Amino acid sequence: MKDNQSSLIKITLPDKTVVETGKGVSAGEFIKGILSGKKAKEVMLARIDGELRDLSTPLTDDCALEAVFSEGDDALQVLRHTTAHVMAQAVKELFPGARLAIGPAIEHGFYYDFDYEKSFTPNDLEKIESRMREIIKAAIPIVREDVSLSEARRRFDAIGESFKLELLEELDAYGLDTVSLYGQGDFLDLCRGPHLPDTGHIPAFKLTGVAGAYWKGDEKRPMLQRIYGAAFFDQKALKAYLDRLEEAKRRDHRRLGKELELFSIEEEIGPGLILWHPRGGTVRKVMEDFWRDEHLRRGYSILYTPHMARRDLWKTSGHLDFYKDSMYAPMEIDEVSYQIKPMNCPFHIAIYNSRRRSYREFPLRWCELGTVYRYERTGTLHGLMRVRGFTQDDAHIFCRPDQLQSEIHEILEMTLYVLRVFGFDRYDIYLSTRPEKYVGTEENWQRATDALKDALDAQGLPYEIDPGEGVFYGPKIDIKIKDCLDRSWQCSTIQVDFNLPERFNVRYVGDDNQSETPIMIHRALMGSLERFLGVLIEHYAGAFPFWLAPVQVAVLTVTDRADAWAGFVAGGLKNAGFRADTDFRNEKLGKKIRDAQLLKIPYMLIIGDNEVEKKLITPRTRGGDNLPAVNIEEFIKYIDKEKKASSGAVIRSGNAGLS
């Protein structure tokens, strides 16, 4: 009787019910013993004492246990990881020479990296998908083994998986004695799990493409082939995701940037370096003009600083300690070492330190559209989104401690206003707190964190705490905007800095005539003009709102008899402050309209004999709607109203009392 009692363990269920069961029974067996019918078959995983585990996990001690079904995010991530293993099995069976690297779950899907001598083709992906369906239909059990490091080495060495052997060496360096292996049939992988019970639990998947990826992201290591896929628990969700993927391809800023003649990246110039074409340059000017006007309205002063400085400056700032790998090599000029700038901050501090400062001057709000240069690995570059040279909409605020909260409140209000003007009214906000390694006192950190939190609370903005993710010099607020496809983009940031003022001995004379250190706030609204334009292109699919469109009106003639009146109309539009182009080519009107639509010009004005005779214009929208013929004065009033509405003038009028 005593031995029988000792073989029982107590399982606490989510409703706090305690159930006794035999020691060693698997989590899956236990759960299916207390559930019945369809519900029992829908169990995918178990959460044991808060940790997600396989259903095959034996229960050996008293614990809290919860069944995990397909509805949650945890199960979805495991589904995707399991699908990556199924794909790897299919690849190994179809292409025996392929070697495995890594295959994690990612947002919406999964990928697996392979080393294979030939490039995988679309036809190969179809073959892999077909084999995956066979593996899924077979419902092969997925089995976990915990083995010694030496046993794992023996097994992977026997099948020639050199990348897995390298991973095992790294685990050995961490002092691990055992590792977990997962197998399904003859397929074996190194993995910490968990996984679904068998391959038959994968209802909906699709392979979406192939890309190159360096092993461990190091361009000095082998280039691998990364096969991407998507996986969901139902076909409807998969279809919706694939539809979004197709829409994302249609909106790809790299393709639209070329078609709309906005920007290019040329090999002879260098990867990650953007050439702004006339149309893109016009959009940039509009963005910059709005940015400068808004900053001046809110009490900022505009700065301009050089593109490089003596290398010693970056030693003092700490960039050579923390950002050296992202900085370009120094250059020698007159036997002095110079460094191209990765950030603007030290230059603004130098302007501050150019003379003695008083507490009465604060706050000092300084901003700059400063172009900086940072090294990014070739494999990470991506159109406008990841570049090597970019222009930050940078600003630094120097203030007294008693001004910190009000300044953050003002910055936050300005940030959200600017985002709304550009069409972004959905975002996720994160408050990042003190990391393990930091500079400054805990008191200052708490004061700065409270100021950020209070500003968010005062505006009623929902946010998440991101514990320990502040930068080493202070806490921060990050705002990730959401575009029309519900994708998140990191753009805006507000950071409190205790580091640079100390490093550069930034001081002011306080009201007690004592020397004090001001608080420095780093702030970016759009992040970088390049990245923000890329987001705008994809958000609007290249059809910019009227105020941002590089060409707002195209004046199209039916015959050359209309050229004179059309030229007069275009001149009137330009004199009224609108961006107008003319198309006097000896082409059919249909082609002219089509070309203007492809360039996504908001309005086309059709000028034929009737318009010349009556001194009218016939507007047409880029969406294909024909508007009634009007005189030029009426049309200018009409588009002036649209310009004010789309440029945020209406939003601004609602905030007239702010700052």
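The values are calculated or read from the model by the stated rules, or taken from the named source; none is laboratory data. Computed from a predicted model, the values in this text were never measured in an experiment. Ideal geometry is used to build each Cβ from the backbone, glycine not excepted, and the neighbour counts take in all protein chains shown. Side chains are part of the model used for accessible areas, which takes the heavy atoms of the whole protein and leaves out ligands, DNA and RNA. Shrake-Rupley method; radii C 1.70, N 1.55, O 1.52, S 1.80 Å.
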**OP:** Answer yes or no as to whether Phe532 is among the aromatic types (Phe, Trp, Tyr) and farther than 27 Å from Asp402 by Cβ.
**Re:** yes
**OP:** Would you be able to say whether some residue in the range 285-292 is charged (D, E, K, R) and touching a Phe, Trp or Tyr at 6+ places or on another chain (Cβ under 7 Å)?
**Re:** no
Subject >> Qualifying strands (runs of 3 or more DSSP E) (wholly inside the range 17-70; at least 1 residues being touching a residue at least 60 places away in the same chain (Cβ under 8 Å)) >> reply: 45-48, 51-53
Original post:
Within the set of pairs 6+ apart or on separate chains, which have a first residue in the range 422-440 that is more than 19 Å from Ala455 (Cβ to Cβ) and in contact (Cβ under 8 Å) with a residue 60 or more places away in the chain, a second that is open to solvent by less than 30 Å² (accessible area, probe 1.4 Å) and among the aliphatic types (A, V, I, L, M), and C-beta atoms under 7 Å apart?
Top reply: Phe422/Leu536; Phe424/Ile481
Original post:
Is it true that some residue in the range 497-512 is over 30 Å from Val421 (Cβ atoms), in contact (Cβ under 8 Å) with a residue 40 or more places away in the chain and of a type in the set (Ser, Thr, Tyr)?
Top reply: yes
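Yes or no, residue by residue, for (1) of a type outside the set (Lys, Arg); (2) over 33 Å from the mean Cα position of the chain (by Cα); (3) at positive phi; (4) open to solvent by 60 Å² or more (accessible area, probe 1.4 Å):
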| residue | (1), (2), (3), (4) |
| --- | --- |
| Glu107 | yes, no, no, yes |
| Lys127 | no, no, no, yes |
| Glu151 | yes, yes, no, no |
| Leu168 | yes, no, no, no |
| Tyr174 | yes, no, no, yes |
Original post:
If you go through the range 511-519 one residue at a time, do you hit one that is more than 30 Å from Thr618 (Cα to Cα), of a type in the set (Ser, Thr, Tyr) and open to solvent by 10 Å² or more (accessible area, probe 1.4 Å)?
Top reply: yes
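Yes/no matrix, rows are residues, columns are (1) under 29 Å from the mean Cα position of the chain (by Cα); (2) open to solvent by less than 30 Å² (accessible area, probe 1.4 Å); (3) among the acidic types (Asp, Glu):
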| position | (1), (2), (3) |
| --- | --- |
| Leu171 | no, no, no |
| Asp186 | no, no, yes |
| Ala211 | yes, no, no |
| Ala231 | yes, yes, no |
| Ala240 | yes, no, no |
| Leu245 | yes, no, no |
Original post:
Taking Glu219, is it surrounded by fewer than 17 Cβ atoms within 10 Å (Cβ to Cβ), in a loop (DSSP other than H, G, I, E, B) and in contact with a helix residue (DSSP H, G or I) (Cβ under 7 Å, 6 or more places away or on another chain)?
Top reply: yes
**OP:** Take the residues in the range 82-96 that are modelled with pLDDT of 95 or more and not aliphatic (A, V, I, L, M), then tell me which one is most open to solvent (accessible area, probe 1.4 Å).
**Re:** Glu93
**OP:** Look at the range 162-192 and say how many of its residues are part of a loop (DSSP other than H, G, I, E, B) and either among the basic types (Lys, Arg) or more than 20 Å from Met132 (Cβ to Cβ) (or both).
**Re:** 5
**OP:** Please indicate, with yes or no, whether at least one residue in the range 313-329 is closer than 23 Å to Leu419 by Cα and touching a residue at least 12 places away in the same chain (Cβ under 8 Å).
**Re:** no
Subject >> Hits in the range 411-435 (condition: aromatic (Phe, Trp, Tyr), open to solvent by 20 Å² or more (accessible area, probe 1.4 Å) and under 23 Å from Ala541 (Cα atoms)) >> reply: Tyr427
Original post:
Of all strands (runs of 3 or more DSSP E) completely enclosed by the range 527-638, which ones contain at least 3 residues that are open to solvent by 40 Å² or more (accessible area, probe 1.4 Å) and farther than 30 Å from Val372 by Cα?
Top reply: none
Original post:
Out of all the residues in the range 135-144, is one or more touching a residue at least 12 places away in the same chain (Cβ under 8 Å) and over 30 Å from Ala240 (Cα atoms)?
Top reply: yes
